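I have placed the structure first, in the form of structure tokens, so that the comments after it can refer back to it.
The values are calculated or read from the model by the stated rules, or taken from the named source; none is laboratory data. Please read all numbers here as calculations on a predicted model, not as lab measurements. Quick reminder, even Gly has a Cβ in these numbers, built from the backbone with ideal geometry, and neighbours come from all protein chains shown.
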Amino acid sequence: MSDRVHRTGTTQIFFSATQYAAATVTAALRAGLFGPREEHRRILVVSNTAVVPEVGTPLDRMAGFERLRPEFDEVRSWNEFISPHHPAGWSPRGQDLLLWEKAVRLAWDLGDEPVEIACESIQANPSRAVAGIFADSPIHVYADGLMSYGPTRNRIPRGMSSRIERVLHLDLIPGLRPMLLSEYEVEPEAVPTEAMIDVLAQIGEEGARTLAGRIPAGDQPTAVLLGQYLSAIDLITQDEEEELHVRMLRAAARVGHRAVLFKPHPSAPSAYNTSLEAIAAELGVKLFVLSEPVLAETVFAQLKPELVIGCFSTALMTAATFYGIPVARVGTELLLERITPYENSNRIPLTVIDAALPDGERDETGAPLQLEVLSKTLGPLVRTVGYCMQSRKHPGLHEEAAAWLAAHLDEHPRYFKKRRLTSLRLPGGSTVRIEALRSHPTVRKAVRQIRARSR
């Protein structure tokens, strides 16, 4: 480990909003990615970014947290510290940053000691706010999902981006290099998979007991369906999402599964479950609905299903990569049509799942993914889509993207929009439109005026 990453005597502050994020940080700590335990004071700062945080369960009160707690000297609440502000929407004014740093140091007894911070998405609050408050501290960004393989969504100020030392990520697609923050020459570093699996097993012990109490040992489901609540982020309507779950159930029944577990998103309406139960009865499928707060990874580890079906959830790749379970997708073609704007960060997870997984409604399912060859086929596609999403941040990818599109666009048209290819002058764009624009009288007049002023 470099001296630049690990400083003797520093206070390391870890910011987490979800149990999965805290598990990722804990796995990184146990793998030695933040230096020896005895050389650092470690503080875990939890935040709840839900619309109404008051009705949710704080991370440090969730089942399984006691297995993470020993890695940290203290646990603090960001929600309580900045109350009544909401952590997802609040950041201090530039002229108040020094005052806020003094307030944090006083409240958490930091004194004048050096601080380094580890946080989730640096593009949004609360991570953006924290990075601004500790304006001289090095930053470690960690990402736990498929979004890490896509480009950075928002511009990071130079004073902040220059302090980011690395991107810690889960190696969900071995060999595929994350694009996140690469425009700032930030290097990625993978959190060891075995360390993450061990942490997930520990925090899932209570969830395992819940599963054992809910599902008879001799009548376990052989397929798992993953709900995402995509209507909450306006990608599809609630009716369409309900139909998406029905399609997943039919896909499982199509390949012979007669006992199926549906794991809905915690915020999804219970009406989804009712409609699924009616369809299950028609299909002759025994349906279990897991409404308890149990991690998907606990379900995979305990039930060892023969198939996991979802839309584009990161949990599909954890099932395949961490547990070797066959996976399939349903509904990605609808989402690829609907997702806007083109820069939407969900586009890369959606593209990865659509390209890597079999279609649960049409293809053969039941075989594990060939992970050793996946990165070779996905890498060029992901970089090309990433370039189209954020071309200004990755101008060096233009030639590679053009070459890939010239050779493969006919096979993969659903990942690209003609208007986007046209604006970037890439294969598949409309040359007619460009020439027509150049010859338009208004455009020609504007060009002449600009040239005249520049003389």
- Number of the condition not met by ALA143 [criteria: (1) in contact with a strand residue (DSSP E or B) (Cβ under 6 Å, 6 or more places away or on another chain); (2) at pLDDT 95 or above; (3) of a type outside the set (Asp, Glu)]: (2)
- Message: Every residue in the range 65-120 that is farther than 20 Å from GLY132 by Cβ and of a type in the set (Gly, Ala, Ser), please.
- Response: GLY111
- Quick one: which residue in ARG37, ARG30 is loosely packed, with under 15 Cβ neighbours inside 10 Å and among the basic types (Lys, Arg)? ARG37
- Item | Unmet criterion (only one of (1) within 30 Å of ARG128 (Cβ to Cβ); (2) in the same structural domain as THR314 (by TED's automatic domain parsing)) for LEU168 | (2)
- Task: Could you tell me whether the range 341-362 includes any residue that is assigned to a helix (DSSP H, G or I) and among the small types (Gly, Ala, Ser)?
- Result: yes
- Query: Any idea how many residues of the range 68-86 are hydroxyl-bearing (Ser, Thr, Tyr) and surrounded by 16 or more Cβ atoms within 10 Å (Cβ to Cβ)?
  - Reply: 1
- Picking from THR318, THR314, which residue would you name as being touching a helix residue (DSSP H, G or I) at 6+ places or on another chain (Cβ under 8 Å), of a type in the set (S, T, N, Q), surrounded by 24 or more Cβ atoms within 10 Å (Cβ to Cβ) and in contact (Cβ under 8 Å) with a residue 12 or more places away in the chain? THR318
- Message: Take the conditions of a type in the set (D, E, K, R) and within 18 Å of the chain's Cα centre (by Cα) and apply them to GLU297. Does it pass?
- Response: yes
- Query: Is it fair to say ILE133 is within 20 Å of the chain's Cα centre (by Cα) and either within 19 Å of LEU44 (Cβ to Cβ) or among the basic types (Lys, Arg) (or both)?
  - Reply: no
- Name the pairs whose Cβ atoms lie under 6 Å apart, with the first residue in the range 7-27 and more than 17 Å from THR193 (Cα to Cα), the second among the polar types (S, T, N, Q), and 6 or more positions between them or separate chains? ALA17/SER47; ALA17/THR49
- Item | Number of the condition not met by PRO326 [criteria: (1) farther than 14 Å from VAL224 by Cα; (2) surrounded by fewer than 22 Cβ atoms within 10 Å (Cβ to Cβ)] | (1)
- Does GLY366 satisfy the condition of being assigned to a helix (DSSP H, G or I), surrounded by fewer than 22 Cβ atoms within 10 Å (Cβ to Cβ) and more than 16 Å from the chain's Cα centre (by Cα)? no
- Of all residues in the range 284-311, count the ones that are within 12 Å of LEU249 (Cβ to Cβ) and either surrounded by fewer than 17 Cβ atoms within 10 Å (Cβ to Cβ) or β-branched (Val, Ile, Thr) (or both). 5
- Task: Take the range 121-152 and flag every residue that is buried (at least 23 other Cβ atoms within 10 Å of the Cβ) and among the charged types (D, E, K, R).
- Result: ASP144
- Residue tally, condition buried (at least 18 other Cβ atoms within 10 Å of the Cβ) and out of contact with any Pro (no Cβ under 9 Å at 6 or more places or on another chain), over the range 209-223: 1
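Would the range 191-206 turn up any residue that is of a type in the set (Ser, Thr, Tyr) and not assigned by TED's automatic domain parsing to the domain that holds ILE139?
no
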- Message: On the basis of being surrounded by fewer than 18 Cβ atoms within 10 Å (Cβ to Cβ), of a type in the set (Phe, Trp, Tyr) and not assigned by TED's automatic domain parsing to the domain that holds MET317, does TRP100 make the cut?
- Response: no
- Item | Verdict on ILE173 being at pLDDT 95 or above and over 19 Å from the mean Cα position of the chain (by Cα) | no
- How about the range 369-384: which of its residues are outside any helix (DSSP H, G or I) and either in contact with a strand residue (DSSP E or B) (Cβ under 7 Å, 6 or more places away or on another chain) or surrounded by 17 or more Cβ atoms within 10 Å (Cβ to Cβ) (or both)? LEU369
- Note on the structure: Flagged in the range 263-305 as among the charged types (D, E, K, R), farther than 16 Å from ILE215 by Cα and in contact (Cβ under 8 Å) with a residue 40 or more places away in the chain, in numbering order, are GLU297
- Starting from the range 128-146, take each residue that is under 22 Å from LEU170 (Cβ atoms) and list its partners that are assigned to a helix (DSSP H, G or I) and of a type in the set (Phe, Trp, Tyr), counting only C-beta distances under 7 angstrom and pairs at least six apart or across chains. ASP144/TYR20
- Message: Going through GLY159, GLY207 one at a time, which residue ends up being without any contact (Cβ under 8 Å) to a residue 60 or more places away in the chain and either of a type in the set (Phe, Trp, Tyr) or part of a helix (DSSP H, G or I) (or both)?
- Response: GLY159
